[in-house]
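Asker: First, the structure itself, so that you have it in front of you.
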Amino acid sequence: MQIIVVGCGKVGRHLVMQLAKEGHSITVVDTDSTVLKKVTEIYDIMGVAGNGTSIRVLNDAGVQDADLVIAVTQSDEVNILCCIMARSGRKCRTIARVRDPIYLSEQQFFRELGISMVINPERAVAREMAALIRLPSAVEIDTFNKGRIELLSFRVPDNSMLIGKKLKDLPSSVSSAMLMCVAERENEVVIPDGNFTVQEGDLVSVITPQMAGRDFFKKVGLPYGYVRSAMIVGGGEIGYYLADRLIKSGIRVKIIEIDRERCEELCELLPDAVIINGDGTEMDLLKEERLDLTDAFVAATNLDEENIVLSIYAINKASAKVITKISHSELNDVVSVMDLDSVVSPMEICAETIVRYARAMNDSMGSEIEALYMLRGGRAEALEFVAKDQFSGIGVPLSELSIKSNIIIAGITRNGSFFIPRGADYISPGDSVIIVTTNKGFLTLDDILER
């Protein structure tokens, strides 16, 4: 597809990287010619210097032939106006990054303006952080079927009953409620089969119904208790969205924010939270606020380096669930060798959402992508499709389908009921089908089959 990306900040650059991998023809627009030059050279794409709200600049970028325009500048208003200008008299679809909470209730208004999708990465990050706090043993949680199904990633501890066992030999009390979909060991990512033997330290992902996660962790020897208190360092949009969710769940929340004016705003927005005006990187302050007694600690400042240091300190000083916000993809290699608990990236969540939308636009066979998650730094993907009549495998037992290698059909939801499929099961029209694979670029359910 022909895609225009307006804004070459952190989110824009990460998005360009992901869309380039998908094989799209991309043009980027930015007011900073120096940044623009760097991005275009790295990814061998077209660039136009200028303001994305200018129709002249959009024309120079080829908006007449564009299929999709994505506005991810630092300004909500610029993003909204850019999408309106791009849509004026044209058939391209548009996506705007909008961060201000005041706009969140205006979805119908955005649709009337012709904006196809509004993305708020900060709110999406807060939602993911809240899910991780609900299940502290998980280092990553991805959801399917409108949240009813979860893909839980966790590190196998030294006391787990999984160690040394082949997946096919696990007791039915464990295997019947879950399916292991992805495993990473010594930086190698595989789709495990029944002969895969679990080892201590493996990073594995299992699929399970939403309410079964805590019971599963209990069975395999991981902590499964409830979080009752949380400390958040950083009172920005992510800190606000997360605190609001946690408070509504009955969790006591304490926010440490260095900006006094922002603290006053938070006191009004979150009357049930404890707001501390101070520098969260000061160890004495963390001790004074009893970091050692908190159940969950979230490092969500605007500086990745601060968040990394804070998280390492919290891991060593408290028996808490620790979540780290990372905004720069350049730090992924550094973070991967650190013993951090859970790392959440607004850029990656934004990119996943837009890549899923772009693939659905590219779809020519009717099997829509309902969800898409990039796993293990993009080395694996989990996708949810809705099976349509056009799928050539309708009604055929899975054992008789010629499925490509490195693919697992992880779950099927039919008429509201989820089940982990076996060889004799089949796919029916309307089924929600979850696929996990190390292959890339699937657009339709037929892509899982050998031609």
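The values are calculated or read from the model by the stated rules, or taken from the named source; none is laboratory data. Note that the structure is predicted; figures quoted are calculated from it, not measured. Cβ: placed from backbone, ideal geometry, glycine included. Neighbour counts: every protein chain shown.
Asker: Across region 47-72, which residue is farthest from ARG356 (Cα to Cα) among those that are assigned to a strand (DSSP E or B) and either aromatic (Phe, Trp, Tyr) or free of Cβ contacts under 8 Å to residues at least 60 places away in the same chain (or both)? Lay out the reasoning, then the answer.
Answerer: First, the residues of region 47-72 that are assigned to a strand (DSSP E or B): 47-49, 68-71.
Still in the list and also either aromatic (Phe, Trp, Tyr) or free of Cβ contacts under 8 Å to residues at least 60 places away in the same chain (or both): 47-49.
On the way: GLY47: 24, VAL48: 26, ALA49: 28 Å.
Looking at the filtered set, the residue picked out is ALA49.
Asker: Could you go through region 349-362 and let me know if any residue there is crowded, with 18+ Cβ neighbours inside 10 Å and more than 30 Å from LYS388 (Cβ to Cβ).
Answerer: So far as region 349-362 goes, no, none of its residues is crowded, with 18+ Cβ neighbours inside 10 Å and more than 30 Å from LYS388 (Cβ to Cβ).
Asker: Might you check whether a residue that is over 27 Å from the mean Cα position of the chain (by Cα) and either of a type in the set (Asp, Glu) or crowded, with 22+ Cβ neighbours inside 10 Å (or both) occurs anywhere in region 90-110? Even if it seems obvious, please write down each step before you answer.
Answerer: Step one: filter region 90-110 for residues over 27 Å from the mean Cα position of the chain (by Cα), giving 90-91.
Among the residues that remain, those that are also either of a type in the set (Asp, Glu) or crowded, with 22+ Cβ neighbours inside 10 Å (or both) are: none.
No, region 90-110 contains no residue that is over 27 Å from the mean Cα position of the chain (by Cα) and either of a type in the set (Asp, Glu) or crowded, with 22+ Cβ neighbours inside 10 Å (or both).
The rows are residues; the columns are (1) closer than 30 Å to SER160 by Cα; (2) modelled with pLDDT of 95 or more; (3) assigned to a strand (DSSP E or B).
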| residue | (1), (2), (3) |
| --- | --- |
| TYR224 | yes, no, no |
| ALA230 | yes, yes, yes |
| ILE247 | no, yes, no |
| VAL253 | no, yes, yes |
| ILE276 | no, yes, yes |
| VAL298 | yes, yes, yes |
| GLU305 | no, no, no |
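Asker: For GLN64, all conditions in the list (1) touching a strand residue (DSSP E or B) at 6+ places or on another chain (Cβ under 9 Å); (2) over 23 Å from ASN120 (Cα atoms) hold save one; what is the number of the exception?
Answerer: Just one mismatch for GLN64, condition (1).
Asker: Tell me the residue from ASP389, ASP363, ASP425 that is among the acidic types (Asp, Glu), more than 21 Å from the chain's Cα centre (by Cα), at pLDDT 95 or above and not assigned by TED's automatic domain parsing to the domain that holds GLY12, please.
Answerer: Going through ASP389, ASP363, ASP425 in turn, just one is among the acidic types (Asp, Glu), more than 21 Å from the chain's Cα centre (by Cα), at pLDDT 95 or above and not assigned by TED's automatic domain parsing to the domain that holds GLY12: ASP425.
Asker: Would you mind telling me which numbered condition in (1) in contact with a Cys (Cβ under 9 Å, 6 or more places away or on another chain); (2) over 25 Å from ALA360 (Cβ atoms); (3) assigned to a loop (DSSP other than H, G, I, E, B) LEU36 fails?
Answerer: LEU36 satisfies all of (1) in contact with a Cys (Cβ under 9 Å, 6 or more places away or on another chain); (2) over 25 Å from ALA360 (Cβ atoms); (3) assigned to a loop (DSSP other than H, G, I, E, B) except (3).
Asker: Something else now. Report, by residue number, each residue of region 399-451 that is within 18 Å of SER175 (Cβ to Cβ), in contact (Cβ under 8 Å) with a residue 24 or more places away in the chain and part of a strand (DSSP E or B).
Answerer: Passing the criteria: ILE408, ILE409, ALA410, GLY411, PHE418, ILE434, VAL436.
Asker: What number of residues in region 303-318 are in contact with a strand residue (DSSP E or B) (Cβ under 6 Å, 6 or more places away or on another chain) and among the aliphatic types (A, V, I, L, M)?
Answerer: 3
Asker: Being more than 22 Å from PRO421 (Cα to Cα) and of a type in the set (Gly, Ala, Ser) is the filter here; which residues of region 166-203 pass it? Walk me through how you get there before you give the answer.
Answerer: As a first pass, look at region 166-203 and keep what is more than 22 Å from PRO421 (Cα to Cα): 184-189, 199-203.
Listed by number, the list holds a single entry, GLY201.
Asker: Given the options ILE312, ILE251, ILE238, name the one that is outside the structural domain of SER205 (by TED's automatic domain parsing), in contact (Cβ under 8 Å) with a residue 40 or more places away in the chain, closer than 26 Å to PRO157 by Cβ and of a type in the set (A, V, I, L, M).
Answerer: Values: ILE312 fails: in contact (Cβ under 8 Å) with a residue 40 or more places away in the chain; ILE238 fails: closer than 26 Å to PRO157 by Cβ.
Going through ILE312, ILE251, ILE238 in turn, the sole match is ILE251.
Asker: For region 162-175, name all the residues that are loosely packed, with under 14 Cβ neighbours inside 10 Å and either free of Cβ contacts under 8 Å to residues at least 12 places away in the same chain or not polar (S, T, N, Q) (or both). Give the derivation first.
Answerer: First, pick out the residues of region 162-175 that are loosely packed, with under 14 Cβ neighbours inside 10 Å: 164, 166, 168-169, 171-173.
If the condition is that a residue be loosely packed, with under 14 Cβ neighbours inside 10 Å and either free of Cβ contacts under 8 Å to residues at least 12 places away in the same chain or not polar (S, T, N, Q) (or both), then GLY164, LYS166, LYS168, ASP169, PRO171, SER172 are the ones that fit.
Asker: How about region 8-33: which of its residues are of a type in the set (Gly, Ala, Ser) and in a helix (DSSP H, G or I)?
Answerer: Restricting attention to region 8-33, the residues satisfying the condition of being of a type in the set (Gly, Ala, Ser) are 9, 12, 20, 23, 25, 33.
Within region 8-33, GLY12, ALA20, SER33 qualify.
For (1) of a type in the set (Gly, Ala, Ser); (2) surrounded by 17 or more Cβ atoms within 10 Å (Cβ to Cβ), each residue gets a yes or a no:
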| site | (1), (2) |
| --- | --- |
| ILE4 | no, yes |
| LYS10 | no, yes |
| ARG13 | no, yes |
| ALA20 | yes, no |
| GLU41 | no, no |
| ALA49 | yes, no |
| GLN64 | no, no |
| ASN79 | no, yes |
